[in-house]
Amino acid sequence: GVRELLVISQDTSAYGVDIKYRPGFWKGRPLHSRITDLASALGELGAWVRMHYIYPYPGVDELIPLMAEGRILPYLDIPLQHAHQGVLQAMQRPAATEKVLERIAGWRQVCPDITLRSTFIVGFPGEGDAEFEHLLDFIREARLDRVGCFTYSPVYGASANALPGQVAEEIKQERLERFMRVQAEISRERLQDKVGTRMLVLVDEVQEDRALARSSADAPEIDGSVIIQGGWELDPGDFVEVEITSAGEHDLYATPADIQD
């Protein structure tokens, strides 16, 4: 009866590194401890498989054909955290932003329906106005579907506490608000493009005059919903094909097109 599997860890794309990709056996066949092997095997279980916290290592490109084939959901949660090379280096994160944009374009070419989610940090030590504007330019070009943003907060014992260029709290908050305004417009446009299309959704909750569901683009609790308006005879766990009738900033509104048990 399982309908959806969420694969979540601190660094899911590094799955198997610590055990040197040691193989095990599943259904009588050897299976290596690699993220692509795991995703492919989970895709045989007949449930939605959603991948979270996938850092954009080169091997991640191999997941995209599995999405295009329908083995796993066309959804990729990639915590990019920033876009400016200097800030990323200070964070000790991969800093090839231009390659990230090229890879995003390549992912969309292989799997046009892919949904990209990411999280960013503003106000990291050393982030000046130019670095922040670079980040805004990046999100305008990347046009990610789902984005979260946080202000940098000192953590006890973190090496970043000693970095020069600490950012004042009021500036952090101003940048957070500016960032979210830019992304809100992108998200609104991305959702508006779905109006008039049909999609398969999973029903989470049924109320008297509507049902709350999610599409492949919506992870539970962190993304939006597909709101099916009306008192339809639906149950939580139903898959139903819907037609999208309108869109808001975070949610889609729909009516059923076909119900599947």
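The values are calculated or read from the model by the stated rules, or taken from the named source; none is laboratory data. The model shown is predicted, which means the values in this text are computed figures rather than measured ones. Quick reminder, even Gly has a Cβ in these numbers, built from the backbone with ideal geometry, and neighbours come from all protein chains shown. What goes into the accessible areas is simple: the full protein's heavy atoms, side chains included, and nothing from ligands, DNA or RNA. Shrake-Rupley method; radii C 1.70, N 1.55, O 1.52, S 1.80 Å.
Which FRET efficiency, nearest 0.05, do residue 110 and residue 255 yield, Cβ-Cβ r, R0 25 Å?
Details: r = 31 Å, r/R0 = 1.25.
Efficiency, from the Cβ-Cβ distance: 0.20.
Describe numerically, in nm with one decimal, the distance between label points set 7 Å from Cα along Cα→Cβ at residue 27 and at residue 6.
So the label points at residue 27 and residue 6 sit 2.6 nm apart.
Using DSSP to call loops (not H, G, I, E or B), can you name the chymotrypsin sites (Phe, Trp or Tyr not before Pro) in segment 133-170 whose Cβ has at most 12 other Cβ atoms within 10 angstrom?
Those that pass, being in a loop and sparsely packed, are 156.
Can you bin segment 145-261 into rounded, prolate or oblate? Criterion: square roots of the alpha carbon gyration tensor eigenvalues sorted a ≥ b ≥ c, rounded for a/c under 1.5, prolate for a/b above b/c, oblate for the rest.
prolate
Quick one: putting +1 on the C-beta of Lys and Arg, -1 on the C-beta of Asp and Glu, what dipole do you get for segment 1-70 around its Cα centre, in Debye to the nearest 20? Show your work: numbers first, answer last.
Numbers: 7 positive and 8 negative charges, 55 e Å.
Dipole magnitude for segment 1-70 comes out near 260 debye.
Want the number for residue 47 to residue 101: 0.36 nm per residue separation, take away the alpha-carbon distance, what's left?
Details: separation 54, 0.36 × 54 = 19.44 nm, distance 3.05 nm.
Roughly 16.4 nm would be gained on extension.
Whole-Hz ³J(HN,Hα) for each residue in segment 11-21, computed from phi via Karplus 6.51 cos²θ - 1.76 cosθ + 1.60 with θ = phi - 60°, x for glycine and proline: what do you get?
With coefficients 6.51, -1.76 and 1.60, one gets 8, 4, 5, 8, 3, x, 4, 5, 10, 6, 6 Hz.
Can you give the local net charge around residue 231? Use residues other than it whose beta-carbon is closer than 10 angstrom to its beta-carbon, Lys and Arg +1, Asp and Glu -1.
-2
Relative contact order of segment 11-123: what whole-number percent is it, with Cα pairs under 8 angstrom and at least 6 residues apart?
Once normalised by length, the contact order is 23 percent.
To the nearest 20 Debye, how big is the dipole of the chain about its Cα centre, given +1 on the beta carbon of each Lys and Arg and -1 on that of each Asp and Glu?
For the chain, the charge dipole is close to 1040 debye.
Given a 1.4 Å probe and every protein chain left where it sits, what share in percent of the accessible area of the chain is carbon and sulfur?
C and S fraction of accessible area: 50 percent.
Based on the alpha carbons, how large is the Rg to Rh ratio for segment 33-146 when Rh follows Kirkwood?
My calculation of the ratio gives 1.01.
Could you tell me, in Å, what Rg and Dmax come out for the Cα atoms of segment 96-216?
That works out to 18.1, 56 Å for Rg and Dmax.
Taking DSSP loops as anything outside H, G, I, E and B, show the longest stretch in the chain free of GluC sites (Glu not before Pro) there with at most 15 other beta carbons within 10 Å.
70-207
Along its three principal axes, how long is the chain when you only count alpha carbons? Whole Å, largest extent first please.
If we take the Cα atoms of the chain, the spans are 59, 47, 35 Å.
Which sequence of 15, 55, 253 reflects their accessible areas, 1.4 Å probe, from the largest down?
I get 15, 253, 55, largest accessible area first.
So, with +1 on the Cβ of K and R and -1 on the Cβ of D and E, and no other charges, what is the size of the charge dipole of segment 130-207 about its Cα centre, to the nearest 20 debye?
240 debye
With the cut-off at 17 Å, report for segment 1-51 the share of all Cα pairs above it, as a whole percent.
That fraction is 39 percent.
Using a simple spin-label model with points 7 Å from Cα along the Cα→Cβ vector, what separation in nm is obtained for residue 155 and residue 130?
2.9 nm
Any idea of the accessible area per residue across segment 147-223, 1.4 Å probe, to the nearest Å²?
59 Å²
Given a Förster distance of 51 angstrom, what is the FRET efficiency for residue 192 paired with residue 18, based on the Cβ-Cβ distance and rounded to 0.05?
0.70
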